[in-house]
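Trainee: Before anything else, here's the structure in question.
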Amino acid sequence: MWVVAGALGAAGDRWLMHRRPLEKHHGGLWEFPGGKVETAEIAVKALTRELHEELGISVLTEDCEPVGFAEECGENPIVILLYKVMRWSGEPRALEGGAVQWFAREDISALDKPPLDTALTAQLFAKV
């Protein structure tokens, strides 16, 4: 399964994280917002669609910078592609459950996250 995620950055080196709804897989853990890439969909287009559906914001594809990926093999293999997003229109809010919150870079490391988001966090902050 291919998944896209957005690392939304704001002034003051703050980053938006999404807390997964409790009833979902990895419920209660913090992650970069995003979702599944649909069949025949280009990854960056999937990201702009997912950010609109999940957060209610509009993002242009040219404002999405690829910064890394993480993968998990096994019974249900998954690859997450992470993009850094520094510009968008609208105020991010949790439209599909859970919560969103802004965190300083150093606070994100202490959050409980799924393993792939932990790997993505390290890749993101190695580049910014």
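Trainee: Restricting to region 16-37, and then to whatever is of a type in the set (A, V, I, L, M, F, W, C) and open to solvent by less than 70 Å² (accessible area, probe 1.4 Å), can you tell me which residue is farthest from E53 (Cα to Cα)?
Mentor: We begin by selecting, within region 16-37, every residue of a type in the set (A, V, I, L, M, F, W, C); these are 16-17, 22, 29-30, 32, 37.
Retained after the next criterion (residues that are open to solvent by less than 70 Å² (accessible area, probe 1.4 Å)): 16-17, 29-30, 32, 37.
On the way: L16: 16, M17: 15, L29: 20, W30: 18, F32: 14, V37: 13 Å.
Out of the qualifying residues, it is L29.
Trainee: If you don't mind, another one. Being under 12 Å from the mean Cα position of the chain (by Cα) and among the small types (G, A, S), is that true of even one residue in region 35-43? Can you show your working first?
Mentor: First, the residues of region 35-43 that are under 12 Å from the mean Cα position of the chain (by Cα): 35-36.
This time we only want the ones that are among the small types (G, A, S), so: 35.
Scanning region 35-43, I find at least one residue that is under 12 Å from the mean Cα position of the chain (by Cα) and among the small types (G, A, S), so the answer is yes.
Trainee: Quick one: G90 ticks every box in (1) in contact with a Gly (Cβ under 6 Å, 6 or more places away or on another chain); (2) within 17 Å of V4 (Cβ to Cβ) bar one, so which box is it?
Mentor: Result: G90 passes all but (2).
Trainee: Let me ask you something else. Report yes if V44 is aliphatic (A, V, I, L, M), at pLDDT 95 or above and closer than 17 Å to T121 by Cα, otherwise no. Show your work before the answer.
Mentor: Working: aliphatic (A, V, I, L, M): yes; at pLDDT 95 or above: yes; closer than 17 Å to T121 by Cα: no.
So V44 does not fit the description; no.
Trainee: Quick one: count up the residues across region 77-128 that are basic (K, R) and either free of Cβ contacts under 8 Å to residues at least 60 places away in the same chain or within 19 Å of G28 (Cα to Cα) (or both).
Mentor: Going residue by residue through region 77-128, those that are basic (K, R) are 84, 87, 93, 105, 113, 127.
Among the residues that remain, those that are also either free of Cβ contacts under 8 Å to residues at least 60 places away in the same chain or within 19 Å of G28 (Cα to Cα) (or both) are: 87, 93, 113.
Of the residues in region 77-128, 3 are basic (K, R) and either free of Cβ contacts under 8 Å to residues at least 60 places away in the same chain or within 19 Å of G28 (Cα to Cα) (or both).
Trainee: How many residues does region 49-59 hold that are open to solvent by 50 Å² or more (accessible area, probe 1.4 Å) and small (G, A, S)?
Mentor: Our first condition is that a residue be open to solvent by 50 Å² or more (accessible area, probe 1.4 Å); within region 49-59, this holds for 49, 52-53, 58.
Restricting the remaining residues to those that are small (G, A, S) gives 58.
Summing the residues that are open to solvent by 50 Å² or more (accessible area, probe 1.4 Å) and small (G, A, S) in region 49-59 gives 1.
Trainee: Right, another one. Tell me which of these A110 doesn't satisfy, since it passes every other one: (1) within 22 Å of F125 (Cβ to Cβ); (2) modelled with pLDDT of 95 or more; (3) not acidic (D, E).
Mentor: A110 satisfies every listed condition except (2).
Trainee: If we keep just the residues of region 81-128 that are under 13 Å from the mean Cα position of the chain (by Cα) and aromatic (F, W, Y), which is most open to solvent (accessible area, probe 1.4 Å)?
Mentor: W102
Trainee: Is at least one residue of region 2-15 open to solvent by 50 Å² or more (accessible area, probe 1.4 Å), modelled with pLDDT of 95 or more and touching a strand residue (DSSP E or B) at 6+ places or on another chain (Cβ under 6 Å)? Quick ask: steps written out before the conclusion?
Mentor: Going through region 2-15, the residues open to solvent by 50 Å² or more (accessible area, probe 1.4 Å) turn out to be 2, 11-14.
If we keep only those that are modelled with pLDDT of 95 or more too, we end up with 2, 14.
Those still in the list that are touching a strand residue (DSSP E or B) at 6+ places or on another chain (Cβ under 6 Å) too: 2, 14.
Yes, the conditions are met somewhere in region 2-15.
Trainee: Taking region 60-76 as the search range and keeping residues that are loosely packed, with under 14 Cβ neighbours inside 10 Å and modelled with pLDDT under 95, which one is nearest to E41 (Cα to Cα)?
Mentor: N76
The values are calculated or read from the model by the stated rules, or taken from the named source; none is laboratory data. Source: prediction; values computed, not measured. Here Cβ is always computed from backbone atoms with ideal geometry, including for glycine, and neighbour counts include all displayed protein chains. Calculation scope for accessible area: heavy atoms of the full protein, side chains included, ligands and nucleic acids excluded. Shrake-Rupley method; radii C 1.70, N 1.55, O 1.52, S 1.80 Å.
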